[in-house]
Amino acid sequence: MMDSQLLKIEKLNVFHGSSHTLQDIDVSMGNKPKAILGRNGMGKTTLCSALVGLTKMASGHVFLERHDISLFPPEQRAKAGIGYVPQGRRMFRSLSVLEHLKLVERKNTNWPIDRIFSIFPRLAERKSNMGDRLSGGEQQMLAISRALMLDPKLMIMDEPTEGLAPTIVDDVTELLLSLQAEGIGLLLVEQNISVALEAAEDILIMVNGRIINEVKADTLKDNPEMQQEYLGITFSD
Amino acid sequence: MISNFKKILAASVIAATFIANPVFAAEKVKIGVISILEGAFAALGKDGIRGAELAFIETGNKAAGKDVEIIVMSSDASPDSAVNAARKLIEKDKVDIIIGPLSGSEGIALRDLSKGYQGVTFINGSSAAQDTTFRDGSDNFFRFGGDGAQWMAGVGTYSYEKLGYKKVAVVAEDYSFPYTQVLGFMSEYCKAGGRVPNKFWTPIGTKDYSSIVYAIPDDVDAIFVALGGADAVNFLTQYNQAGGNKPIIGGTITIDQSILDSKGPFKKLLVGTPAGTPTVSDFEGKEWKEFSASYAKSFPDGLSAPSIFAHHYYMAGKAALLGLEKVNGDLSNNQKAFRAVLEKLEFVTPTGGTMRLDENRNGIIDSFVTEVFEREDGTFGNRVLKVIRNVNQTMGHDAAKFKALGPVSRDNPSCP
Amino acid sequence: MKFFFIVFFNGLTLAALYFIAACGFTLIFGLMRTVNMAHGALLLLGAYVGYEVVEITGLWTVGIIAGGLTSAIVGAAIQAYILGRYQGDELRQTLITIAISIIMADLMLWAWGGLTYQISLPEMLLGGVRLPILNVGYSSVRLTLMAMAAVTGILLWLLIAKTKLGIIIRAGVDDREMLQALGFETKKIFVIVFAIGGMLTGMAGVITGSALSIAPGTDMQFLLSSLVVVIVGGMGSIGGAALGALLIGMAEQYGLAYAPTYGVVFTFVIMIAVLAIRPQGLLGRSEK
Amino acid sequence: MNRFIILLLIICSVLPVFAADFWLTQILSRSIILGVMALSLTFLTAYLGVVSFAQVTLAGIAGYTIAYFSANTAGIGAELPWVFAVLLALFFSTIAGALVGLIARQSVGIYSIMITLAISMAFFYFTRQNYSVFNGWTGFSGISAPSVMGLDLGAPVVFYYVCLFTGALATLFVVKFSSSPLGLSIQGVRDAARRVRAIGIPTSPVIVSAYAFSGLIAGMAGILNVWHQERVSSFSVGLGPTIDVLIISVIGGMRHPLGAFIGAITYVMIDTFAIDLISRDRFNTVIGLVLLLIVIAAPEGILGILKSVKERIKKIVLN
Amino acid sequence: MSVTNTPTSNDGDALSLQGVTRRFGSFVAVENFNMSIKTGERRAILGSNGAGKTTLFNLVTGDLALSAGNIKIEGVESSKLPTYKRIKSGIRRTYQHALLFDGLTVRETLFLSSVGIHNRWQSFLPIKKNNKYQAEAEMLAKKAGLFSLLDALVGNLSHGQKRQLEIGIALSGDPKIILFDEPAAGLSPAERPVLTELLLSLPKTISVILIEHDMDIALETSEIVSVMHNGKHLLERTPEEIVHSDIVRDIYVGKKQ
């Protein structure tokens, strides 16, 4: 059965100066989460940035629910339903936790501040802390909340577990799974293979600005050679 | 878009070349006028231009049967810009005579420049630094008017004897023209027996004088204020607001029409202020009445009476035209005849006196002690208290002794 | 000694005026990193319009609103139609605003001539009062300046610290891209900020024209003073602007009182000293 | 490019045959002088990556030195043989440049603009208020270019060649200096200051020497300027000339030393002839509009326009 | 988690770190880090993104100041020395995101690093041809495989070529220790063996510390592996041990399924 089409990327190209950072990216996804894996420097973050409109696309198209949003500036893409959790979390350092939430608060959102606080009691405790005075895990919760409150149809998350302690990584993974239950699409960029394998069913492998393969999570999980080849990870059990 | 712009630029340059180099040179005399048309002094400069134009309007732009062409250049109060303007007038526009400039340092700069251009005659506009003609003068630089010291003639004596001020504090801008004005005031005042315990030299463009206001000692009888434009407005307002109640004695530009026509309430503070000036807005003389009527008719957008700048540029223009008339337009031989005529030229000024030059080519002038008053229509002007005729550059002192006092400065003269 | 305290008071009141004049400038720089060299021209424009309106209506408050609105509209138009396209290109924006300030100054000279203007104050602010203790007369309008500066500072602080717009502005200062990615149209926000900055600047112009006077050249004077104040204090910080204004106001008045010859040089020496040691200004945050 | 520059020099050398004194002195010589001044800024911007508002100040320091040590009408200073005066002037402007660099070494971007602006304003007000050395508001006048073995350097044609020579020399200096180890270090600091330190080069001395070198170039212009104007005063180091030099650099283009001269001649033409073309009262509006237009339409300056025109022609020819 | 294998400082070490700590506000990026590198040692540092590896390099080279601890390079106490002086002790590095002079050519870049390291950068006279630093620049270009691109503008190089140039710079002068910060990031699979080759070919007089995500390269080129987590030096193991280590697997790629 065909998935309803949430995101479709067609022949997306991005250049940085003379280097061809993203080359003819084609991705199509429905409500089932997808993860992009790849080594450092392969263009994963650039892809996220191009999808939310912060990096200029040289050519190609991006469709969200079959609407072409390629020419939209970032703010319109956000309004069209793309939520963004950037790499490094990018907190506003002069805003408190509460102000972060107030910034994006709207009437009739599925995610009012009360609900956010009930999911993340930690944030409620820290609501007057400044954005840069939070632990990595707290920042991540806030970054996710900030994106959630916009009622996104699709969340683009760039390395949400980067630099987090293992127990927190588990929490975040839980959260990613619960997003799916809320009917929010998820495009996840990860270094952490196990998080990616757990949160997503389909894995896109990115090498040198190209998507070179799309595999099922289970296939990759059981295939150390593939891990080794694409991701440079060598472990023997 | 870009190439269009280039075309326009190129066309402009070509056009400029043609405009500036007329193909057929007619028999006409070219006169350049330099005045300040930008920045803080623009209002004064504009009135200077009106004055010069008035002189030419009177003769229908003709002298000795020849057409007179006027070319105006703007400076920005800096000596550098005055020199550039003059060079362009001389070398590009090939003018025969230059009228201007407006301010003191520009005057000294043009005096120095004039030495290198023997084929051009310079007639000073309204600049009034003493040294322009008094020290190291130039043969082809003429001033049909006085310097800032001459303009203060009579005020020192009047203040001491008539008003009975024994001690006066000075507040003046910190450059050569106010130095000269203070010299003019003090040379008489100190001689009469008055004392000047404090001189406050403030940088030009000072906005907030409040600390000066409070530094003025309580035991002085009056304050001599030689500030121009916005500086005068600011000082007087702040002095009044701080409850200051000493009488004011004004420098020439402090009570000039350009200030009296300013917009705002502060002018009332000036009523009754005595001052020294060669230009009295409401002078009760036949010549002045004609002059100001003609000014008002020609320039409906002008000031309510000709300012000191209009007056002096007018006299410069008039001197040039009269001189040309006398030599029948002959400017040959490096304008030798023309200059000889100028040196001996005498004419009746708008204030009814006779303008003539001393051996330094500086005017021997009539100066006035005036006071500011409110006219019936609510505008302000000044009127004569005392007339001092025939003031020369040494203010009646022996020339050698006067020169020996040295150039004016912050500390010269002094009588604490 | 008494004189020393009076000068202190003068420094305080002058600082109040400098602070009011610099608020719009620092606000615009703070969010947009735009060094608005047309700041002085906007101030002068507000003052001239304020003068005309006060002459017609006789109401000072109406004049101040009219002056503020005019500069707000002109400022917003400059940002919307010219500057907005070059966001992030600091040098180009600086040059564009220099060009605009040259044009505006010349057009204002055309419209209002070169004479000095003073805006009539309301009756209650005219004249002076006697200060207790020091026992000298002091101008009412200067005392009011301090209140105005306090009100301006507090309102601006409230705007930035307590309102949604303030949150958006601060977020924009921290990370403009992220703000966009959260659905905010920063272009529009920048126009609003420029309008608010212009409004403050125009109102400051009317206040300046009433407390002192205005004439061609006032634009450059207040551009320079605002630059110095904001740079010394730290660009984009309200507290910094207040501190900078205080330092510069004091330096100028003590300089004028005790060393008038080089008083104005002090101001710039302070600025050089501060920048050499703390390039971002006293309370400024360093750019990453 | 080299062939082009030689051609340009040849054209410039034969110009006196055709041009009237006014064009030589007021347009060409003045353009070259302003061009060298702008070159000192272009050098800093192109190679160190900072914008300095202090270049006019540095030129002014050389100018004041010449005035102080030459015959003048201010009656201040001591007359020295002109060679010494020139050497002293260059020495002082270079040292002053180093000082500016020392103060501004930590500042980049908008902050370097501001700190150099503060320095230039402090110097401006100082010269205006100080009479013992700078003769205050009025400054020095009556300074003339020296005579060398009976040849008056101030005569229009001779002075033009002096300017042309100096302009060529300054350009040569910049080109040669930029490829020296120190010049490369300066460009290194522009591109990646951290990397410069990571190859064993401390950045502060590099920045300071860049400013010092710009002081030397500005000083060359400052000397010529005094001989050209025959005067120097506080106005010569004020905000007006400072902004003019910035405008010249920008409209010319900052990518290549020639940009400074192209900008200068454009500026001088507009400055001299705008008043003939447009209502005298509004020529500042015209200057402002032209600046606005160039800044908006040609981010790389006139040099950038020329380059794109050249490329377009190339394309047409190739097709 | 405790710090294992606290090294004893030894003056023969090429590099010794003791109690190295760096805080950013309340965040501790590198915490009480101890490590010593013997001359000629090949060491890899593994750790997830954000573990503090690059910060550690920045502390060693002086790009960042220490909050606490001390650093000896080739026996020279260097904790307070500026970067350019540490370079004189023989330490070199590459940067994770190529930090190069985009406006210079390859030749100029390598020439500059050569004169910089030999402390001959002060000259303002144009460079003579056949100058010995020019010769070194050409030699470095050869080593880095960029000889054919000597006169290309650095800004126009491809990502891989920039990486090569980074290595060329690191080889200038007489390096004793080279810190490689993710040299393989962004390299194509074809380029990776070349890099491995180059790392292996370095003479044994040079000590190497390598941050690398690509475990192939890391394990192939190193003799010893340090694992870093949350700013701490977690453990030191041989490559073989690492491959079999559950802890490492957990923190590096996440928990085992």
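The values are calculated or read from the model by the stated rules, or taken from the named source; none is laboratory data. If you're wondering where the values come from, they're calculated on a predicted model, not measured in any experiment. We place every Cβ from the backbone using ideal geometry, glycine too, and count neighbours over all the protein chains shown. Accessible surface is based on the protein model in full, side chains and every heavy atom, while ligands, DNA and RNA are left aside. Shrake-Rupley method; radii C 1.70, N 1.55, O 1.52, S 1.80 Å.
Burial here means at least 30 square angstrom less accessible surface with every protein chain in place than with the chain by itself, probed at 1.4 Å; in the range A:37-59 the buried residues are A:ARG39, A:ASN40, A:LEU54. When the charge dipole of the range D:2-318 is built from unit charges on Cβ atoms (+1 for Lys and Arg, -1 for Asp and Glu) and taken about the Cα centre, the candidate among D:SER209, D:ALA193, D:ASN135 whose Cα reaches farthest toward its positive end is D:ALA193. Between B:ASN245 and C:ALA111, the FRET efficiency estimated from the beta carbon spacing at R0 = 51 angstrom works out to 0.85. Using only the Cα atoms of the protein assembly as shown, build the gyration tensor, take square roots of its eigenvalues as a ≥ b ≥ c, and label the shape rounded, prolate or oblate: rounded if a/c is under 1.5, else prolate if a/b is larger than b/c, else oblate. Because a/c hits 1.5 or more and a/b exceeds b/c, the protein assembly as shown counts as prolate.
The angle between the Cα long axis of helix A:136-148 and the longest principal axis of the Cα atoms of chain A comes to about 90 degrees, rounded to the nearest 10. In terms of the Cα gyration tensor, with a ≥ b ≥ c the square roots of its eigenvalues, is the range C:19-216 rounded because a/c is under 1.5, prolate because a/b exceeds b/c, or oblate? The shape class here is oblate. Evaluated with a Cβ-only charge set (Lys, Arg +1; Asp, Glu -1), the range D:2-318 carries a dipole of roughly 1140 debye about its Cα centre, given to the nearest 20. For chain D, what are the DSSP H helices with axial Cα length of 18 Å or more and mean Kyte-Doolittle hydropathy of at least -1.0? Qualifying helices: D:2-18, D:30-43, D:55-68, D:82-104, D:109-129, D:156-178, D:203-229, D:239-252, D:257-277, D:283-297, D:301-318. On the beta carbon distance between D:ALA20 and B:GLU161, with R0 = 51 Å, the FRET formula returns roughly 0.25. For the range B:217-279 versus the range B:105-174, the spacing of their alpha-carbon centroids is 21 Å. Take each residue of peptide C:229-239, count the partner chain Cβ atoms within 10 Å of its Cβ, and average: the result is 1.
Leaving out same-chain residues fewer than 8 places away, which lysines sit with a Cα under 19 Å from that of C:LYS164? Filter leaves A:LYS79, A:LYS102, A:LYS107, A:LYS127, C:LYS187, C:LYS188. A dipole drawn for chain C from +1 and -1 charges on Cβ atoms has a positive end, and of C:VAL141, C:LEU31, C:LEU83 the residue lying farthest that way is C:LEU31. Using a probe of 1.4 Å on the protein chains alone, the accessible area found for D:CYS12 is around 30 Å².
Residue ranking by accessible heavy-atom surface, 1.4 Å probe, largest first, among A:LEU142, A:LEU71, C:LEU115 comes out as A:LEU71, C:LEU115, A:LEU142. With each label modelled as a point 7 angstrom along the Cα→C-beta vector, the B:ARG383-B:GLU359 pair spans 4.3 nm. Taking every protein chain into account, the accessible area of the range E:99-174 amounts to 45 square angstrom per residue (probe 1.4 Å). Here the accessible area is traced with a 1.4 Å probe on the protein chains. For chain E, carbon and sulfur cover 53 percent of it. Averaging the sequence gap over all C-alpha pairs within less than 8 Å and six or more residues apart, then dividing by the number of residues, gives the range D:2-318 a relative contact order of 30 percent. The apolar share of the surface of chain C, taken as the fraction of accessible area on carbon and sulfur atoms (1.4 Å probe, ligands and nucleic acids excluded), comes to 72 percent.
Determine the residues within the range C:146-173 where the difference in accessible area between the chain on its own and the full set of protein chains amounts to at least 20 Å²; count protein heavy atoms only and use a 1.4 Å probe. Hits at the 20 Å² cut-off: C:LYS164, C:ILE167, C:ARG170, C:ALA171.
Give the C-B buried accessible area in Å², both sides summed, 1.4 Å probe, nearest 100.
The contact between B and C buries close to 2900 Å².
Please compute the per residue accessible area over the range C:19-216 with all protein chains in place, 1.4 Å probe, rounded to a whole number of Å².
Details: 6670 Å² over 198 residues.
Solvent-accessible surface per residue comes out at 34 Å².
Here the extension length gained between B:LYS297 and B:LYS191 equals 33.7 nm, from 0.36 nm per residue of separation less the Cα-Cα distance.
In this rough spin-label picture, where each label sits 7 Å from Cα along the Cβ direction, the E:VAL76-C:TRP157 distance is 5.1 nm. For the pair D and E, the buried accessible area comes to roughly 2300 Å² in total, with a 1.4 Å probe and the value rounded to the nearest 100.
Charge dipole (Cα centre; +1 on Lys/Arg Cβ, -1 on Asp/Glu Cβ; no other charges) of the protein assembly as shown amounts to roughly 1080 debye.
Per residue, the protein assembly as shown reaches -16000 deg cm²/dmol at 222 nm when only DSSP H runs of four or more residues are counted, each adding -39500 (n - 2.57).
Enter the accessible area per residue of chain D (Å², integer; probe 1.4 Å; all protein chains in place). Could you put the intermediate results ahead of the total?
On the way: 11350 Å² over 319 residues.
On a per-residue basis, 36 Å².
Listed by chain and number, the aspartates and glutamates placed with their C-alpha closer than 13 angstrom to that of B:LYS88 are B:ASP80, B:ASP96, D:ASP21, D:ASP271, D:ASP276; residues fewer than eight positions away on the same chain are left out. Residues of the range C:175-203 buried by at least 20 Å² of accessible area upon assembly of all protein chains, compared with the chain on its own (1.4 Å probe): C:ASP175, C:GLU177, C:MET178, C:GLN180, C:ALA181, C:LEU182, C:GLY183, C:PHE184, C:GLU185. Using r as the Cβ-Cβ distance of B:THR59 and B:ASP139, and R0 as 25 Å, what FRET efficiency do you calculate, to the nearest 0.05? It comes to 0.40.
Computed on the range C:19-216, with alpha-carbon pairs under 8 angstrom and 6+ residues apart, the relative contact order is 45 percent. Compute the separation of the alpha-carbon centres of the range D:256-319 and the range E:13-74 and state it in Å as a whole number. Taking the Cα centre of each part, the range D:256-319 and the range E:13-74 sit 54 Å apart.
Taking every DSSP bridge with both residues inside the range A:7-231, close to 55 percent are antiparallel.
If you take the Cα centroid of the range B:378-416 and the Cα centroid of the range D:193-250, the two points sit 45 Å apart. Whenever you get a sec, compute what percent of the accessible area on the range D:2-318 sits on carbon and sulfur atoms (1.4 Å probe). In the range D:2-318, the share of accessible area belonging to carbon and sulfur is 70 percent. Taking Cα centre as origin and charging only the Cβ of basic (Lys, Arg, +1) and acidic (Asp, Glu, -1) residues, the dipole magnitude of the range B:183-269 rounds to 60 debye. Using C-alpha pairs under 8 Å with a sequence gap of at least 6, the mean separation divided by the residue count of chain A gives a relative contact order of 27 percent.
So which of E:LYS53/E:LYS204; B:LYS30/B:LYS318; A:LYS11/A:LYS56; E:LYS38/E:LYS80; B:LYS166/B:LYS199 end up more than 18 Å apart by C-alpha?
Table pairs above 18 Å Cα-Cα are E:LYS53/E:LYS204; E:LYS38/E:LYS80.
Within straight-line reach of D:LYS314, meaning a Cα separation under 21 Å, sit the following lysines at least 8 residues removed in sequence or on another chain: B:LYS6, B:LYS7. Classify chain B as rounded, prolate or oblate, taking a ≥ b ≥ c as the square roots of the eigenvalues of its Cα gyration tensor: rounded when a/c is under 1.5, otherwise prolate if a/b is larger than b/c and oblate if not. It comes out prolate by the Cα gyration axes. For the protein assembly as shown, DSSP calls about 50 percent of its internal beta bridges antiparallel. Each residue, A:ASP151 and E:SER201, gets one label point 7 Å from its Cα in the Cβ direction; the gap between the two is 6.2 nm.
For the range D:2-318, the residue among D:ALA89, D:TYR68, D:GLY101 whose Cα projects farthest onto the positive side of the dipole built from Cβ charges is D:GLY101.
Of the residues D:VAL17, D:VAL83, B:VAL29, the one with the largest accessible area comes first in the ranking D:VAL17, D:VAL83, B:VAL29, computed with a 1.4 Å probe on protein heavy atoms. Measuring only protein heavy atoms, the 1.4 Å probe finds E:LEU198 accessible over about 40 Å². Excluding ligands, DNA and RNA, what is the accessible area buried between chains B and D, summed over both sides, using a 1.4 Å probe, to the nearest 100 Å²? Chain pair B/D: roughly 3500 Å² of buried accessible area. Checking Cβ-Cβ separations below 4.7 Å across the protein assembly as shown identifies A:CYS48, C:CYS23, D:CYS12, D:CYS163 as cysteines lacking any candidate disulfide partner.
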